[in-house]
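S.K.: Before we start, here is the structure in question, set down as structure tokens.
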Amino acid sequence: MDIQILEGVFDANEKIARENEVLFRENGVLAVNLMASPGAGKTSLVSRTLELLSGEMGIGVIEGDIASSVDAEKIRSYGVPVVQINTGGACHLDAAMIREALVHLDLSSLDLLIIENVGNLVCPAEFNLGEGLRAMILSVAEGHDKPLKYPLMFSQSHVLLVNKVDLLGMSDFDLGTLQETIRRMNPGMVVFEVSCRTGEGLSSWAEWLRKRVAEYRGGATG
Ligand SMILES: Nc1nc2c(ncn2[C@@H]2O[C@H](COP(=O)(O)OP(=O)(O)O)[C@@H](O)[C@H]2O)c(=O)[nH]1
Ligand SMILES: [Mg+2]
Ligand SMILES: [Zn+2]
């Protein structure tokens, strides 16, 4: 694609993203764009978050995948509204896909919408979906150097979950080095060290997210 066509694609996406954002605002729904590489633990984190928060607020989930509905079926077992998007080959979600998915959700009954993006550390960061919060996961198995190799996603996300900390003793992943890199690239980024396997660190994440939802709805801050 030449540069002009590419700019056209991004402009069109931005326009729809802003429309999505207005819908989220009007309905008081904090939309979280959850990004990570394949296997980092996105679906596991969505499941754990539902266990911790779905009893106290309305949560909906959009599952983005290139193919299949495996993840959506897992999430559906939690009894929350789930919409599957199959991108048919595309390696990221875009704002138009979200707009279509929103037709199938009753936004007025939701406080939080978690969007599991397609597993990919590159282009999901380039497509605004209209979300209120960009969250990403880096798992211990991927190595602590990934922010240097995929700077856009790490510098644009508001929150980073370092997942699979139960595996720290089995790898050369260095949390100190990662923290140092993040401080340089994105000093405002909030970092949680978690394990979706053992549950470690997840109550702090849930507590933080609860505050963000309340803030978005114009309630409590802090
Ligand atoms: N050891 C360990 N495995 C995990 C953890 N979180 C997820 N997994 C496993 O990692 C694999 C990929 O997880 P999944 O949630 O499907 O990742 P996704 O592709 O990013 O949605 C699965 O086998 C999970 O059971 C964790 O904290 N520790
Ligand atoms: Mg998944
Ligand atoms: Zn892509």
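The values are calculated or read from the model by the stated rules, or taken from the named source; none is laboratory data. Please read these numbers as outputs of a predicted model, since none were measured by experiment. Cβ atoms come from the backbone with ideal geometry, glycine included; neighbour counts cover every protein chain shown.
S.K.: In this structure, is Arg48 touching a Gly at 6+ places or on another chain (Cβ under 9 Å), part of a helix (DSSP H, G or I), closer than 19 Å to Met136 by Cα and in contact (Cβ under 8 Å) with a residue 60 or more places away in the chain? Write out each step before concluding.
M.R.: Values: touching a Gly at 6+ places or on another chain (Cβ under 9 Å): yes; part of a helix (DSSP H, G or I): yes; closer than 19 Å to Met136 by Cα: yes; in contact (Cβ under 8 Å) with a residue 60 or more places away in the chain: yes.
Spelling it out, Arg48 is indeed touching a Gly at 6+ places or on another chain (Cβ under 9 Å), part of a helix (DSSP H, G or I), closer than 19 Å to Met136 by Cα and in contact (Cβ under 8 Å) with a residue 60 or more places away in the chain.
S.K.: Among the residues of region 58-68, is any free of Cβ contacts under 8 Å to residues at least 40 places away in the same chain, in a helix (DSSP H, G or I), surrounded by fewer than 20 Cβ atoms within 10 Å (Cβ to Cβ) and within 13 Å of ligand 1 (Cβ to nearest atom)?
M.R.: Narrowing region 58-68 to residues free of Cβ contacts under 8 Å to residues at least 40 places away in the same chain: 67-68.
Remaining after also requiring in a helix (DSSP H, G or I): none.
Checked against the condition, which is being free of Cβ contacts under 8 Å to residues at least 40 places away in the same chain, in a helix (DSSP H, G or I), surrounded by fewer than 20 Cβ atoms within 10 Å (Cβ to Cβ) and within 13 Å of ligand 1 (Cβ to nearest atom), region 58-68 yields no hits at all.
S.K.: Still on this structure: Restricting attention to region 163-172, does a residue exist that is crowded, with 16+ Cβ neighbours inside 10 Å, more than 12 Å from the chain's Cα centre (by Cα), within 16 Å of ligand 1 (Cβ to nearest atom) and of a type in the set (A, V, I, L, M)? Walk me through how you get there before you give the answer.
M.R.: Initially, region 163-172 is screened for residues crowded, with 16+ Cβ neighbours inside 10 Å, giving 163-165.
Then keep just the ones that are more than 12 Å from the chain's Cα centre (by Cα); that gives 163-165.
Next cut, within 16 Å of ligand 1 (Cβ to nearest atom) only: 163-165.
After this cut, where a residue has to be of a type in the set (A, V, I, L, M) as well, the list is 165.
Looking through region 163-172, at least one residue is crowded, with 16+ Cβ neighbours inside 10 Å, more than 12 Å from the chain's Cα centre (by Cα), within 16 Å of ligand 1 (Cβ to nearest atom) and of a type in the set (A, V, I, L, M).
S.K.: Here's another thing I want to ask about it. Scan region 118-130 for residues that are within 11 Å of ligand 3 (Cβ to nearest atom) and either buried (at least 22 other Cβ atoms within 10 Å of the Cβ) or touching a residue at least 40 places away in the same chain (Cβ under 8 Å) (or both) and jot them down. If you could, list the steps in order and put the result at the bottom.
M.R.: As a first pass, look at region 118-130 and keep what is within 11 Å of ligand 3 (Cβ to nearest atom): 118-127.
Val118, Gly119, Asn120, Leu121, Pro124, Ala125, Glu126, Phe127, listed by residue number.
S.K.: Evaluate the following for Ser155: is it without any contact (Cβ under 8 Å) to a residue 60 or more places away in the chain and either over 18 Å from Met35 (Cβ atoms) or buried (at least 22 other Cβ atoms within 10 Å of the Cβ) (or both)?
M.R.: No.
S.K.: For region 74-89, give me each residue that is surrounded by fewer than 17 Cβ atoms within 10 Å (Cβ to Cβ) and either among the polar types (S, T, N, Q) or modelled with pLDDT under 95 (or both).
M.R.: Ser77, Asn86, Thr87, Gly88, Gly89
S.K.: Does any residue of region 145-157 turn out to be under 20 Å from Asp65 (Cβ atoms) and touching a Ser or Thr at 6+ places or on another chain (Cβ under 7 Å)?
M.R.: No; the residues of region 145-157 include none that is under 20 Å from Asp65 (Cβ atoms) and touching a Ser or Thr at 6+ places or on another chain (Cβ under 7 Å).
S.K.: Picking from Gly41, Gly88, Gly79, Gly58, which residue would you name as being touching an Asp or Glu at 6+ places or on another chain (Cβ under 8 Å) and not acidic (Asp, Glu)?
M.R.: Answer to the selection: Gly58.
S.K.: Please tell me if Leu133 is within 16 Å of the chain's Cα centre (by Cα), farther than 20 Å from Gly64 by Cα and touching a residue at least 40 places away in the same chain (Cβ under 8 Å). Give the derivation first.
M.R.: Working: within 16 Å of the chain's Cα centre (by Cα): yes; farther than 20 Å from Gly64 by Cα: no; touching a residue at least 40 places away in the same chain (Cβ under 8 Å): yes.
Here the answer is no, as Leu133 does not meet what is asked.
S.K.: Please name all residue pairs, on different chains or six or more residues apart, with Cβ atoms under 7 Å, provided the first residue is in region 1-13 and is within 13 Å of Glu126 (Cβ to Cβ) and the second residue is surrounded by 13 or more Cβ atoms within 10 Å (Cβ to Cβ).
M.R.: Filtered contacts from region 1-13: Asn13/Asp94; Asn13/Ala95; Asn13/Phe127; Asn13/Asn128.
S.K.: Got a number for residues in region 14-36 being assigned to a loop (DSSP other than H, G, I, E, B) and either in contact with a strand residue (DSSP E or B) (Cβ under 8 Å, 6 or more places away or on another chain) or among the basic types (Lys, Arg) (or both)?
M.R.: Of region 14-36, the ones assigned to a loop (DSSP other than H, G, I, E, B) are 28-29, 36.
Still in the running and either in contact with a strand residue (DSSP E or B) (Cβ under 8 Å, 6 or more places away or on another chain) or among the basic types (Lys, Arg) (or both): 29, 36.
Qualifying residue count for the region: 2.
S.K.: Turning to a different aspect of this structure: Does region 2-10 contain any residue that is more than 16 Å from ligand 3 (Cβ to nearest atom), part of a loop (DSSP other than H, G, I, E, B) and surrounded by fewer than 15 Cβ atoms within 10 Å (Cβ to Cβ)?
M.R.: Start the filter on region 2-10 by keeping residues that are more than 16 Å from ligand 3 (Cβ to nearest atom), which leaves 2-4, 7-8.
Checking which are part of a loop (DSSP other than H, G, I, E, B) leaves us with 2.
Checking the rest, the ones that are also surrounded by fewer than 15 Cβ atoms within 10 Å (Cβ to Cβ) come to 2.
Within region 2-10, one or more residues are more than 16 Å from ligand 3 (Cβ to nearest atom), part of a loop (DSSP other than H, G, I, E, B) and surrounded by fewer than 15 Cβ atoms within 10 Å (Cβ to Cβ).
S.K.: Arg25 - would you say it is touching a residue at least 40 places away in the same chain (Cβ under 8 Å), of a type outside the set (S, T, N, Q) and surrounded by fewer than 20 Cβ atoms within 10 Å (Cβ to Cβ)? Steps first, please.
M.R.: Values: touching a residue at least 40 places away in the same chain (Cβ under 8 Å): no; of a type outside the set (S, T, N, Q): yes; surrounded by fewer than 20 Cβ atoms within 10 Å (Cβ to Cβ): yes.
So Arg25 fails the test.
S.K.: Would you confirm, using the coordinates I've provided, whether Val118 is among the aliphatic types (A, V, I, L, M), within 16 Å of ligand 1 (Cβ to nearest atom) and in a loop (DSSP other than H, G, I, E, B)? Step through it out loud before you land on a result.
M.R.: Details: among the aliphatic types (A, V, I, L, M): yes; within 16 Å of ligand 1 (Cβ to nearest atom): yes; in a loop (DSSP other than H, G, I, E, B): yes.
Spelling it out, Val118 is indeed among the aliphatic types (A, V, I, L, M), within 16 Å of ligand 1 (Cβ to nearest atom) and in a loop (DSSP other than H, G, I, E, B).
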